[in-house]
Every structure is written in structure tokens, then in C-alpha cells.
Amino acid sequence: MSHHNPLGHISIGVRNYDIAKAFYTPVLAPLGLHLVYDSEQVSGQSPDDTKKKKIRTLGYGPNADHEIVNIFEVGDDAAPPGPGFHLAFDAPSRDAVVKFHAQAMAAGGTDNGLPGLRKHYGADYFAAFVVDPDGWRLEAVCKTG
């Protein structure tokens with residue numbers, strides 16, 4: 001029997017689509033999350049769509065039927081929540097946590113906690129914490145040894 005995940009997806013707002021795409025595509029890949037929706041790649045818009053400003057959007061997930069993170073380019077109105085909020089992603093391995101952190105650093109993220117055990121959260125709680133270019137706090141965690 002498969003585990004039911006009641007969370008459909010999270011949507012976040014960013015200032016710049018191109019910066020977000022360059023950050024999230026390599027950072028989420030070690031976690032098994034890939035770019036499965038890109039509004040810039042969608043064709044067949046109706047003429048009415050050109051009259052309103054199109055919000056460029058990205059979607060990441062294990063496949064197109066299971067987007068987990070949606071990213072909307074909202075310009076200067078983008079404002080991540082304050083301290084106490086972060087998005088935590090389950091990682092398939094400790095190595096994936098390390099790769100998540102390394103990719104975030106290479107893509108313009110900020111370190112917010114190097115990869116390692118956090119025994120105060122659990123004996124096998126191996127995590128890394130980063131901040132994306134817009135200030136969103138992200139975690140990758142593997143809870144197996």
C-alpha cells in the first residue's frame with residue numbers, strides 16, 4: 001500500500017523567473033524533483049491571453065502529474081515569510097542532501113546550515129539548509145542512516 005501525501009503543492013512567488021529557473025532546476029534535481037511545467041514552453045494560447053500580463057510559472061515534481069513546487073514570477077511583490085518558515089524536502093539519501101546544498105551554493109544560494117546530522121531532531125536526521133536568491137528558506141533532509 002502506498003503512502004498518501006495529503007499536501008498537493010506549495011506555490012511561491014519570486015522576483016525573477018530566469019534566476020529562479022537557474023536556481024531551482026539544479027538544486028531540486030538531487031531530490032528527484034524535475035522541471036515538469038514551464039509556462040515559457042506552453043503553446044496554443046488564445047488571443048485573449050495576450051491582452052493580460054502573463055505570469056511566468058515553473059513547476060517541479062517527480063513527474064507532470066505530481067508537481068510539488070510551483071514558482072510564480074511576481075516581480076518586486078515577491079516576499080517570502082519571515083523567520084520560522086521554511087520548505088523542507090525529503091531527500092532519498094544523505095548524498096542527495098550534500099548535492100542539494102552544493103548545487104544551491106553554485107547557483108547563487110546562501111548557506112543556512114551545512115549538511116550534517118542534527119541529532120536534536122532525531123538520531124538519523126541528516127539535513128542541509130539554504131536560502132534561495134529571493135530569501136526563501138529551504139531544507140533537504142534524509143531521516144535514514
Exercise for the section: With runs of 4+ DSSP H residues as the only contributors, calculate the mean residue ellipticity of the chain at 222 nm using -39,500 (n - 2.57) per run, divided by the residue total and rounded to the nearest 500. Expected result: -5500 deg cm²/dmol
Completion exercise
Counting only DSSP loop positions in segment 46-145, the trypsin sites (Lys or Arg not before Pro) whose Cβ has at most 11 other Cβ atoms within 10 Å are LYS52, LYS53, LYS119
Completion exercise
Here, the chain modelled as identical Cα point scatterers in vacuum has Debye log10 I(q)/I(0) at q = 0.13, 0.16, 0.17, 0.18 Å⁻¹ of -0.60, -0.88, -0.98, -1.08
Fill in the blank from the handout: Taking alpha-carbon centroids only, segment 115-145 lies from segment 56-85 a number of Å equal to 19
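Since every read-out is calculated from the coordinates, none of them should be taken as a lab result. Please read these numbers as outputs of a predicted model, since none were measured by experiment. Please note: Cβ atoms are built from the backbone with ideal geometry, for glycine as well, and neighbour counts cover all protein chains shown.
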